[in-house]
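*Asks:* Have a look at this one.
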Amino acid sequence: GQREETASSQVKTSLLGTPNNQVLGIGSGSTIVHAVHRLAERVKEENLTIVCIPTSFQARQLILQNGLTLSDLDRHPELDVAIDGADEVDSDLNLIKGGGGCLTQEKIVAGYAKCFIVIADYRKKSESLGERWKKGIPIEVIPMAYVPVTRALTKNFGGAAELRMAVSKAGPVVTDNGNFILDWKFDKVHEWSEVNTAIKMIPGVVETGLFIDMAEVVYFGMEDGSVSVREKQPR
């Protein structure tokens, strides 16, 4: 909506003050649509040469629909900037992502970018994870391992983990990588950096939706149309 557009246009100051010849990672989700529209306008107006790396099939279509140059990590293994949304952002800029099921590719693209910028609306802003996002932390798993991974998650970290089921097809959601997603509903606030590492070590886990110490800055589109900025604090 309007708020997301405002937040997205605010990103002009950081992301879309883009110098020429940049490689940009383009995320998934509704908030990013507005930013990509604006980017396409600037490319036309200023005759910029930029290359876009998608985080999902949806992002790939968005890049193509807007007439932007599509590429991949084989050709551009290092990105200047990645821009994406989030399901929740805490006060330390830890993120939960993966509500749309693209967490692994989103983390890969963000991880190889020099700068990772997040655009979200005000409903994603919280002090600690789990305050607003109640659907749990998405965890992408190899299909054959989903039962033992489910058991390991609850045994080691508490809470409950559920296999995400598809809406318009029978059976589980299948990711762009051919895997399943578990949504882990944690029952207390954890030391997220440690938990993220520990979950990654469970055999069969491909990736988690915890994005720890990755975002440089988050732009929130507020209810009144203003933009609230939360930046990474120096440690």
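The values are calculated or read from the model by the stated rules, or taken from the named source; none is laboratory data. Given the structure is predicted, the values throughout are model-derived calculations rather than measurements. Positions of Cβ are backbone-derived with ideal geometry, glycine not excepted, and every protein chain shown enters the neighbour counts. Side chains are part of the model used for accessible areas, which takes the heavy atoms of the whole protein and leaves out ligands, DNA and RNA. Shrake-Rupley method; radii C 1.70, N 1.55, O 1.52, S 1.80 Å.
*Asks:* Could you check how much of the accessible area of segment 137-208 is carbon and sulfur, as a whole percent, using a 1.4 Å probe? Each step should come with its number before you reach the end.
*Replies:* On the way: 2260 of 3820 Å².
Carbon and sulfur atoms account for 59 percent of the accessible area of segment 137-208.
*Asks:* Compute the accessible area per residue over the chain, keeping the other protein chains in place, probe 1.4 Å, unit Å². Please report the intermediate quantities before stating the final value.
*Replies:* Numbers: 11110 Å² over 235 residues.
Roughly 47 Å² per residue, with all protein chains present.
*Asks:* So which of LYS125/LYS232; LYS134/LYS200; LYS125/LYS169; LYS97/LYS125; LYS124/LYS188; LYS135/LYS155 end up more than 25 Å apart by C-alpha? Please report the intermediate quantities before stating the final value.
*Replies:* Details: LYS125/LYS232 14 Å; LYS134/LYS200 21 Å; LYS125/LYS169 32 Å; LYS97/LYS125 13 Å; LYS124/LYS188 19 Å; LYS135/LYS155 19 Å.
From the list (LYS125/LYS232; LYS134/LYS200; LYS125/LYS169; LYS97/LYS125; LYS124/LYS188; LYS135/LYS155), the Cα-Cα distance tops 25 Å for LYS125/LYS169.
*Asks:* If you don't mind, another one. Taking the full set of protein chains and a 1.4 angstrom probe, give the accessible area of ILE212 in square angstrom, rounded to the nearest 10.
*Replies:* Here the residue's solvent-accessible area equals roughly 30 Å².
*Asks:* Can you give me the solvent accessible area of ASP74 with a 1.4 Å probe, rounded to the nearest 10 Å²?
*Replies:* That residue has around 140 Å² of solvent-accessible surface.
*Asks:* Run the reach check for LYS44 against lysines, Cα to Cα strictly under 19 Å, same-chain hits fewer than 8 apart removed. What comes back?
*Replies:* Within the straight-line cut-off, LYS44 pairs with LYS12.
*Asks:* What number, rounded to the nearest 500 deg cm²/dmol, is the helix-based mean residue ellipticity at 222 nm of the chain, given -39500 (n - 2.57) per DSSP H run of at least four residues and division by all its residues? Walk me through the intermediate numbers first.
*Replies:* On the way: 6 runs with 65 residues, N = 235.
Counting only the DSSP helices, I get -8500 deg cm²/dmol.
*Asks:* Another one. Take every Cα-Cα pair in segment 137-208 and report what % of them are more than 15 Å apart.
*Replies:* On the way: 1261 of 2556 pairs.
Pairs farther apart than 15 Å: 49 percent.
*Asks:* Report the one residue of HIS37, GLN65, PRO148 whose Cα lies farthest in the direction of the positive end of the charge dipole of segment 25-162 (charges on C-beta: Lys and Arg +1, Asp and Glu -1; origin at the Cα centre).
*Replies:* PRO148
*Asks:* Now for a different question. So, with +1 on the Cβ of K and R and -1 on the Cβ of D and E, and no other charges, what is the size of the charge dipole of the chain about its Cα centre, to the nearest 20 debye?
*Replies:* Roughly 420 debye, rounded to the nearest 20.
*Asks:* I want to verify the translational diffusion coefficient of segment 69-141 in µm²/s; compute it with Stokes-Einstein, Rh as the Kirkwood radius over Cα pairs, at 37 °C and 0.692 mPa s.
*Replies:* Numbers: Rh = 13.2 Å.
The Stokes-Einstein estimate is 248 µm²/s.
*Asks:* Next question. What whole number of Å gives the distance from the Cα centroid of segment 207-235 to the Cα centroid of segment 133-170?
*Replies:* Cα centroid of segment 133-170 versus Cα centroid of segment 207-235: 26 Å apart.
*Asks:* FRET efficiency for ARG235 and LYS114, Cβ-Cβ distance as r, R0 = 25 Å, nearest 0.05?
*Replies:* Working: r = 18 Å, r/R0 = 0.74.
The formula returns an efficiency of 0.85 here.
*Asks:* Could you give each residue of segment 135-144 its phi-based ³J(HN,Hα) in whole Hz, using Karplus coefficients 6.51, -1.76, 1.60 with θ = phi - 60°, and x for Gly or Pro?
*Replies:* Result, ordered by residue: 8, x, 8, x, 10, 7, 10, 5, x, 5 Hz.
*Asks:* May I ask you to rank MET144, MET222 by accessible area, largest first, using a 1.4 Å probe over the protein chains only? Can you show the working numbers first?
*Replies:* Values: MET144 170, MET222 45 Å².
If we order MET144, MET222 from most to least accessible, we get MET144, MET222.
*Asks:* Put ARG235, ARG151, ARG132 in order of accessible area, largest first, 1.4 Å probe: what do you get? Write out the running numbers ahead of the final one.
*Replies:* Working: ARG235 230, ARG151 170, ARG132 120 Å².
If we order ARG235, ARG151, ARG132 from most to least accessible, we get ARG235, ARG151, ARG132.
*Asks:* With a 10 Å cut-off between alpha carbons and a GNM built on the chain, which of THR104, THR49, THR150 moves the most?
*Replies:* Maximum among the listed residues: THR49.
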